[in-house]
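The values are calculated or read from the model by the stated rules, or taken from the named source; none is laboratory data. This one's a predicted model, so the numbers in the text were calculated from it and none came from an experiment. Quick reminder, even Gly has a Cβ in these numbers, built from the backbone with ideal geometry, and neighbours come from all protein chains shown. To get the accessible areas, we keep the full protein, side chains included, count just its heavy atoms, and leave off ligands, DNA and RNA. Shrake-Rupley method; radii C 1.70, N 1.55, O 1.52, S 1.80 Å.
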Amino acid sequence: MESSSPGDGEVVKEELKEITLTFGGKLEQGSTFTVQNSGGEQVAVENITIADNQLVGTLSSPLENGQHYVKWDIIGADGHPISGNFSFTVELPVSEAPAEETTQEEQVEKQDDTNEEVQSNVEETDVETTNEEKTEEAGQSNGSSDAMPIIIGVLIVIILVSAFFMLRRKK
């Protein structure tokens, strides 16, 4: 590799749209490169094209700030595979809008959104509480109605057993 854009060790301070690798000889089909961020995650590179001695790849999204690694694998004009790598750093300025720049209208909209969210949460909580209360009431009424036949059955058995023993004593 003769050169690259961005170059090995370069600090990029503007949004990068493509990466170009320039080699000393003509490249064959099958030549490619990949980009990884400092976390080892692959960065999507689209439309890698080969034009004589250059590989050019378009980035699908802007690179995040930090170190990036390019690994290239080419096939030279003589058919021999050649590999290599280099790195560069992205240091884009982080834009922070001052809080004073928010207009009064935006603040009112944010407050309205927050109020709607709170109202929605309160309504959901009320519905859940009402449903839980109904479920508990239903459980209590079902519990007492399920026990009633059992109690009546036990009383009938006690009366029959008592009657049996009373009749036996009279004889």
Considering residues that are charged (D, E, K, R) and either on the phi > 0 side of the Ramachandran plot or at pLDDT 85 or above (or both), the number found within segment 79-96 is 1
If we keep only residues of segment 3-20 that are of a type in the set (Gly, Ala, Ser) and part of a loop (DSSP other than H, G, I, E, B), then the residue nearest to residue 61 (Cα to Cα) is 7
Of the residues in segment 21-74, those that are at positive phi and either open to solvent by 60 Å² or more (accessible area, probe 1.4 Å) or outside any strand (DSSP E or B) (or both) come to 30, 40, 47, 52
For segment 67-93, pairs from a residue that is within 11 Å of residue 1 (Cα to Cα) to a residue that is acidic (Asp, Glu) and at pLDDT 90 or above, with Cβ under 8 Å and 6 or more apart or across chains, are 82/73; 83/73; 86/8
Residues of segment 14-49 being without any contact (Cβ under 8 Å) to a residue 12 or more places away in the chain and closer than 29 Å to residue 79 by Cβ, in sequence order, are 42, 47, 49
When (1) open to solvent by 90 Å² or more (accessible area, probe 1.4 Å); (2) modelled with pLDDT of 90 or more; (3) within 28 Å of the chain's Cα centre (by Cα) are applied to residue 119, the one that fails is (2)
